[in-house]
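The values are calculated or read from the model by the stated rules, or taken from the named source; none is laboratory data. Note that this is a predicted model, so its numbers are computed, not measured. When we count neighbours, we look across all protein chains shown, and the Cβ atoms used for this are built from the backbone with ideal geometry, even at glycine. Ligands, DNA and RNA are excluded from the accessible area calculation, which covers all protein heavy atoms including side chains. Shrake-Rupley method; radii C 1.70, N 1.55, O 1.52, S 1.80 Å.
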Amino acid sequence: MAQVTLVEAARLAALQEMRRDPTVWVLGEDVARGGLFGQYRGFLDEFGESRIVSTPISESMIMGGGLGAALVGTRPIIEMRIFDFVMCAMDELVNQVAKVRYMFGGQAKPAVVVRMPHGIWRNSAAQHSQTLESWFTHIPGVVVAVPATPADTAGLLVSAIRSDDPVLFFDPKNLFPVTGEVPEVIDPIPFGRARHARQGRDLTIVTWSALVPQVEEAGAMLAQRGIEADILDLRTLWPWDEEAVAASLGRTGRLLVAHEAVTVGGFGGEIVARMVERLGPGGMKAVARVGQPRVPVPFAPPLEDALKPDVAKVVAAAEALVRR
Amino acid sequence: MSTGPSLNGGDNRARLIALYGTMCRIRAFEETALAAHKAGEIPGPLHVSIGQEGVAAGVCTNLRRDDRITSNHRGHGHALAKGAGVSGMMEELFGRAGGHCRGKGGSMHIADFSVGMLGANGVVAGGIPIAVGAAQGLKLLGRDSIVACFFGDGAINRGPFLEGLNWAVLYRLPVLFVCEDNGVAAFTATASVTAGPGVVARSEALGVPCLSVDGNDAAAVDEAASRLVAEIRAGAGPRLLHATTYRITGHTSTDPAAWRDPAAVAAAKEAEPIGRLRARLLAEGVPPSFLAGIEGEARAEMSQAREAALSAPWPDPAIAWEDVQDSGAVEAH
Ligand SMILES: Cc1ncc(C[n+]2csc(CCOP(=O)(O)OP(=O)(O)O)c2C)c(N)n1
Ligand SMILES: [Mg+2]
């Protein structure tokens, strides 16, 4: 076990898989120089420029080209640099990558990983800070991964690279410096299994990606105030661990979903709806959501802080929930 | 393909006859599909390539089975010329279980990966990045196959055209871009919405060498494509073939295209590629009965395919849930 940052964990996972499988390669802007975050540092020396391909700023080609290369039997890692730029490749992602297997009756194997570092990050304002993962859960054909720890990032990235499904991999860019243990040999972590981050009987908090460390901190604070939260880090949103959430809710009866994304239309709504369908309208004592208000992410630090979900907001929501 | 009486004239004659056969098969497929659509046997939108057969035939005769193609919404001819199975294509149009895509794609999404046909596309220019990426993948794998990418003149006003050509040059990829220039994009004359001199100038500005050819002269398409394909196979990087042609029917099977000048339509019908090649072959002494045999065989093949498709089983509704994804697939209920 080594203590590494989350971005280094991701680097080690990709490195391991590229050493294992010569059909794995990376394409994206500046990747041969190590990538914007250093997540491909050293790859050029080891793999050469045919397997770590710095591309023009051509997002349609980055996405569509990755797909074409998958259709002839390679396993591309498509690096979008920052999530927000995937908007320039939406046809290629939604109409092509997500559809070819189905549309062609199973002939196509779109085995791509699309890496999209997302979320609020160092006052980067409205076009570099978005958290729109819920959009993609609405698209049949793709896996949606939202890891939050170095070990989960590494293990899920290994699964993503080995998967024949297209995997949309939301790197939590604000958590890149966070450290944690990563094993010498990184085993794949299966999609659709939550990490049980904390045990408690008073309420269930479901969370993922950038908000996970803050929810864990909130859990510790709540414990000091006598409230025991059961915390689930979903790790993937499609498939998602419905069973784990239902089981926890069976013990606590109270559900708080906390995500960095805008609350309206966020995946929290789907989680609540599924739990109501399973447990019936009277099956829970209280439900609440924490997320951003439906406002673009602002630039100035006090404005960004005002909107961003954080430890205090999670604690306040949890306290209100257990009082209900 | 017809194997008729032995004919004098050698390899070139055989090549022209093969081109003729391919074009007749495409024409017969399209006419059969149109009739079936009118009869209510084929659901959904249908784009046929009547009048444009010379481009598909002339290009694909230069491709190997392990070469790949991508196509657009008007892709039946490209698929047939690449060798896609007819019954699988017809059944796909009919939405039947035996279609290449199990009835999940239809006319606009025909693919037959077994012959390197990586898919038609319902999005204009959608096949361009896929073709370029396929070429990059093949190169990475050390294969010597190439990719031909068919698109219309309407596609050159979309971003992926610029991105794709630029990219193919940068990585010196084995791609033959084929612009089928029929002068229209749906209901609009393409020239009226295209700045500058058009596809060749744009292509050359990006460093992609081009040839322009009369796309209704299948032999000329073949010759030009064979030159470009040889250069691509030799590692010279991408090439573009600009083939002018004419869409004799409407944009879709239900579009009468009545806005077009009737005189221009009549003139274009005179210049259509099958009649052109027939005249040449007759002038070279090929017996009319031999050519009539090829035409008759093509029509018979396609009407049998129509009959078979009509009585072929529909897909079991349960398969609607299949082929989505491995992880997180939803259960049928
Ligand atoms: C991105 C996109 N925009 C619009 C359409 C609707 N559409 C389908 S075919 C077509 C015209 C395409 O013209 P061209 O590429 O020249 O092909 P042609 O039909 O002439 O063969 C249009 C506008 C589409 N399918 N995709
Ligand atoms: Mg056109």
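Here are the numbers for the structure shown:
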item: For segment B:159-315, diffusion coefficient by Stokes-Einstein and Kirkwood Rh (Cα), 25 °C, 0.890 mPa s, µm²/s; result: 131
item: In Hz, Karplus ³J(HN,Hα) per residue of segment B:207-214 (6.51, -1.76, 1.60; θ = phi - 60°; x = Gly, Pro); result: x, 9, x, 10, 10, 9, 8, 6
item: Per-residue ³J(HN,Hα) for segment B:65-73, Karplus 6.51 cos²θ - 1.76 cosθ + 1.60, θ = phi - 60°, Hz, x for Gly and Pro; result: 4, 7, 6, 10, 9, 10, 9, 10, 5
item: Helical contribution to [θ] at 222 nm, DSSP H n ≥ 4, -39,500 (n - 2.57), averaged over chain A, rounded to 500; result: -10000 deg cm²/dmol
item: Long-range amide H partners of A:Ala197 with built H, under 5 Å; result: A:Ile231, A:Leu232, A:Asp233
item: Summed residue charge, Cβ within 14 Å of A:Ala210's Cβ, Lys/Arg positive, Asp/Glu negative; result: -4
item: Accessible surface, chain B, averaged per residue in Å² (probe 1.4 Å); result: 38
item: As computed over segment A:195-323, the Cα convex hull volume per residue (Å³); result: 101
item: From phi via Karplus (6.51, -1.76, 1.60), per-residue ³J(HN,Hα) for segment A:132-143 in Hz, x at Gly/Pro; result: 10, 4, 5, 3, 7, 5, 7, 9, x, x, 10, 9
item: Accessible area of the protein assembly as shown belonging to carbon and sulfur atoms, whole % at 1.4 Å probe; result: 54
item: When segment B:9-312 is reduced to its Cα atoms, the Kirkwood hydrodynamic radius in Å; result: 19.3
item: Dmax and Rg, reported as Rg then Dmax, of chain A (C-alpha, Å); result: 19.5, 60
item: Top of B:Gly198, B:Gly126, B:Gly164 by mean-square fluctuation, Gaussian network on chain B, Cα under 10 Å; result: B:Gly198
item: Ordering of B:217-223, A:238-244, B:176-182 by burial proxy (mean other Cβ atoms within 10 Å per residue, highest first); result: B:176-182, B:217-223, A:238-244
item: For chain B, calculated [θ]222 nm from helices alone, where every DSSP H run of n ≥ 4 adds -39500 (n - 2.57); result: -14000 deg cm²/dmol
item: Debye log10 I(q)/I(0) at q = 0.10, 0.19 Å⁻¹ for segment A:2-182, Cα point scatterers; result: -0.34, -1.33
item: Descending principal axes extents, segment A:75-186, alpha-carbon based, whole Å; result: 43, 38, 20
item: Descending semi-axes in Å of the protein assembly as shown, equivalent ellipsoid built from Cα gyration tensor; result: 53, 26, 21
item: Loop-located trypsin sites (Lys or Arg not before Pro) in segment A:206-303 whose Cβ has at most 15 other Cβ within 10 Å (DSSP); result: A:Arg225, A:Lys285, A:Arg294
item: Other-chain or far-sequence residues with amide H under 5 Å of A:Gly192's (modelled H); result: A:Thr236
item: Buried area at the B-A interface (accessible, heavy atoms, 1.4 Å probe, summed, Å²); result: 3400
item: Compactness index (Cα Rg / 2.2 N^0.38 Å), segment B:174-225; result: 1.25
